[in-house]
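**Student:** One structure follows; several queries about it will come next.
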Amino acid sequence: MTDEDEGSGKTGMADRPGRIGVVGGGAWGTALATVAARGGAEVTLWAREPEVVDAVNRDHENAMFLPGIALDPAISATGDIAEAASCPAILLVSPAQALRTVAAGLSGALEPGTPVVICAKGIEQGTSMLMSEVLAEVLPEAEPMVLSGPSFADDVARGLPTAVTLAAGSVERARPMAEALAGQTFRPYLSDDLVGTQIGGAVKNVLAIACGIVDGRRLGTSARAALTTRAFAELSRFGRALGARTETLTGLAVLGDLILTCSSPQSRNMSLGMALGEGRTAEEVLAGRRSVSEGVYTAAVVVEMARQRGIEMPIAEAVHQILSANRDIGEAIETLIQRPLRSEG
């Protein structure tokens, strides 16, 4: 595809949704609500926490999850999920492992064909389903789309330049939604690779924990660069086995997101890995957080899927063993370094 094909084509203003419901009042949901409001939409933000609803409506700020960011008055918050579901387009921003339950709350309230943009990154435990597969099972009346790519909530909310991927069943279906979200500092590129777009966001969370461990152990930036590169090789093998396309793997949703998540402690997954590398336990770190580190829940699923398909993923395997079997980190690193020599290709 050309750049024009991917993100900058125009259709009529009437195609853009004038109202957008954002389901999930955490940092990322609030940041995306600001994106939609900047695009001119009236935004209904559903939050589970009454204090978030009150603060957004009274103070125009989500002090619990995104403090210090002034919110547009066009964003109204609600504790009634049906109010968000009444909008002609939905951004679904619940954590991956809660997506099934939250999406079920929208059932019966959506008009057939309503775009529901999945903004969570993960694979469901127990079923090994991608988020779009969960949505198709729970909300078959919805038009599934996926938003993914290198994007921290704080950067997006502050209006710093960000480019992401918006995937749907076809590029033309995604275009009106992309136009509703696009702005001077937020650029969605279009894709029709729903599978590949989701795989990048899910698997990179697991691999970012490994990069965080490298930083936490003070192994150096050379080691982190090497690990990130080999992590991309693992992610690519996994993605191709599930049907991801090459341009997706090397694009924003996979390589771009991996680079961001593996290089900054702003990443919840990398910061978790850093704490592990410094000697803390996952339980200690997670107990002090309101936000979710999706890689903790995705690691076991990714490793099991890889084993079933005969995909070699030693870094993901090491992360899984550290998280679920309390494997010694030093031993895991030594095992990776001492793997048999082989051709890089």
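**Student:** What do you reckon, is Arg245 more than 30 Å from Glu344 (Cβ to Cβ) and open to solvent by 60 Å² or more (accessible area, probe 1.4 Å)?
**Tutor:** Numbers: more than 30 Å from Glu344 (Cβ to Cβ): no; open to solvent by 60 Å² or more (accessible area, probe 1.4 Å): yes.
In short, no.
**Student:** Separate question: Identify, please: which residue in the range 154-183 is under 15 Å from the mean Cα position of the chain (by Cα) and open to solvent by 20 Å² or more (accessible area, probe 1.4 Å) and is, among those, farthest from Leu260 (Cα to Cα)? Step through it out loud before you land on a result.
**Tutor:** Step one: of the range 154-183, the residues under 15 Å from the mean Cα position of the chain (by Cα) are 154-156, 162-167.
Next, from what is left, pick out any that are open to solvent by 20 Å² or more (accessible area, probe 1.4 Å): 154-155, 163.
Numbers: Asp154: 14, Asp155: 12, Ala163: 12 Å.
So, considering only residues that are under 15 Å from the mean Cα position of the chain (by Cα) and open to solvent by 20 Å² or more (accessible area, probe 1.4 Å), the one farthest from Leu260 (Cα to Cα) is Asp154.
Listed here are the residues, each with its yes/no results for (1) touching a Ser or Thr at 6+ places or on another chain (Cβ under 9 Å); (2) of a type outside the set (Ser, Thr, Tyr); (3) on the phi > 0 side of the Ramachandran plot.
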position	(1), (2), (3)
Arg38	yes, yes, no
Glu42	yes, yes, no
Val52	yes, yes, no
His60	no, yes, yes
Ala63	no, yes, no
Gly68	no, yes, yes
Leu71	yes, yes, no
Ile75	yes, yes, no
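**Student:** Ok, one more. Quick one: which helices (runs of 4 or more DSSP H) lie wholly within the range 27-104 and hold at least 3 residues that are surrounded by fewer than 16 Cβ atoms within 10 Å (Cβ to Cβ)?
**Tutor:** In the range 27-104, the matching helices (runs of 4 or more DSSP H) lie at 50-59.
**Student:** Got at least one residue in the range 291-300 being closer than 25 Å to Asp257 by Cβ, open to solvent by 80 Å² or more (accessible area, probe 1.4 Å), out of contact with any helix residue (DSSP H, G or I) (no Cβ under 9 Å at 6 or more places or on another chain) and at pLDDT 85 or above?
**Tutor:** The answer is no, given that none of the residues of the range 291-300 is closer than 25 Å to Asp257 by Cβ, open to solvent by 80 Å² or more (accessible area, probe 1.4 Å), out of contact with any helix residue (DSSP H, G or I) (no Cβ under 9 Å at 6 or more places or on another chain) and at pLDDT 85 or above.
**Student:** Being modelled with pLDDT of 95 or more, in contact with a helix residue (DSSP H, G or I) (Cβ under 6 Å, 6 or more places away or on another chain) and open to solvent by 70 Å² or more (accessible area, probe 1.4 Å), is that true of even one residue in the range 318-327?
**Tutor:** Scanning the range 318-327 turns up no residue that is modelled with pLDDT of 95 or more, in contact with a helix residue (DSSP H, G or I) (Cβ under 6 Å, 6 or more places away or on another chain) and open to solvent by 70 Å² or more (accessible area, probe 1.4 Å).
**Student:** Still on this model: So which residues in the range 16-26 are within 15 Å of the chain's Cα centre (by Cα) and surrounded by fewer than 24 Cβ atoms within 10 Å (Cβ to Cβ)?
**Tutor:** The one that is within 15 Å of the chain's Cα centre (by Cα) and surrounded by fewer than 24 Cβ atoms within 10 Å (Cβ to Cβ): Gly26.
**Student:** Can you go through Gly220, Gly239, Gly212 and tell me which one is out of contact with any strand residue (DSSP E or B) (no Cβ under 8 Å at 6 or more places or on another chain), in contact (Cβ under 8 Å) with a residue 12 or more places away in the chain and either open to solvent by 60 Å² or more (accessible area, probe 1.4 Å) or closer than 16 Å to Ser264 by Cα (or both)? I'd like the intermediate steps shown before the answer.
**Tutor:** Details: Gly220 fails: in contact (Cβ under 8 Å) with a residue 12 or more places away in the chain; Gly239 fails: either open to solvent by 60 Å² or more (accessible area, probe 1.4 Å) or closer than 16 Å to Ser264 by Cα (or both).
Testing whether each residue is out of contact with any strand residue (DSSP E or B) (no Cβ under 8 Å at 6 or more places or on another chain), in contact (Cβ under 8 Å) with a residue 12 or more places away in the chain and either open to solvent by 60 Å² or more (accessible area, probe 1.4 Å) or closer than 16 Å to Ser264 by Cα (or both) leaves just Gly212.
**Student:** Another question, if that's okay. Given the criteria among the aliphatic types (A, V, I, L, M) and open to solvent by 30 Å² or more (accessible area, probe 1.4 Å), does Leu207 qualify? Talk me through it step by step, then tell me what you get.
**Tutor:** Working: among the aliphatic types (A, V, I, L, M): yes; open to solvent by 30 Å² or more (accessible area, probe 1.4 Å): no.
Criteria not met by Leu207.
**Student:** Further question on the same structure: Can you tell me which of Leu286, Leu341 is touching a residue at least 12 places away in the same chain (Cβ under 8 Å), open to solvent by 30 Å² or more (accessible area, probe 1.4 Å) and among the hydrophobic types (A, V, I, L, M, F, W, C)? If you could, list the steps in order and put the result at the bottom.
**Tutor:** Working: Leu341 fails: touching a residue at least 12 places away in the same chain (Cβ under 8 Å).
Exactly one residue qualifies, and that residue is Leu286.
**Student:** Another question, if that's okay. Would you confirm whether or not the range 221-235 contains a residue that is among the polar types (S, T, N, Q), assigned to a helix (DSSP H, G or I) and within 20 Å of Val117 (Cβ to Cβ)? Spell out the reasoning first.
**Tutor:** Kept after step one, since they are among the polar types (S, T, N, Q), are these residues of the range 221-235: 221-222, 228-229.
With the extra rule that they be assigned to a helix (DSSP H, G or I), the set shrinks to 221-222, 228-229.
Then keep just the ones that are within 20 Å of Val117 (Cβ to Cβ); that gives none.
Checked against the condition, which is being among the polar types (S, T, N, Q), assigned to a helix (DSSP H, G or I) and within 20 Å of Val117 (Cβ to Cβ), the range 221-235 yields no hits at all.
**Student:** Sticking with this structure for a sec: Go through the range 130-151 and count every residue that is under 15 Å from Ala202 (Cα atoms) and of a type outside the set (D, E, K, R).
**Tutor:** The initial filter retains those residues of the range 130-151 that are under 15 Å from Ala202 (Cα atoms), namely 130-134, 146-151.
Next cut, of a type outside the set (D, E, K, R) only: 130-132, 134, 146-151.
Selection size over the range 130-151: 10.
**Student:** Quick one: Ser128 ticks every box in (1) surrounded by fewer than 24 Cβ atoms within 10 Å (Cβ to Cβ); (2) in contact (Cβ under 8 Å) with a residue 12 or more places away in the chain; (3) under 15 Å from Ile90 (Cα atoms) except a single one, so which number is it?
**Tutor:** (3)
**Student:** Continuing with this model, one more query. Exactly one of (1) closer than 30 Å to Thr30 by Cβ; (2) modelled with pLDDT under 95; (3) crowded, with 19+ Cβ neighbours inside 10 Å is unmet by Ile333. Its number?
**Tutor:** Result: Ile333 fails condition (1) only.
The values are calculated or read from the model by the stated rules, or taken from the named source; none is laboratory data. This one's a predicted model, so the numbers in the text were calculated from it and none came from an experiment. Cβ atoms come from the backbone with ideal geometry, glycine included; neighbour counts cover every protein chain shown. Surface accessibility is based on the protein's heavy atoms, side chains included, excluding ligands, DNA and RNA. Shrake-Rupley method; radii C 1.70, N 1.55, O 1.52, S 1.80 Å.
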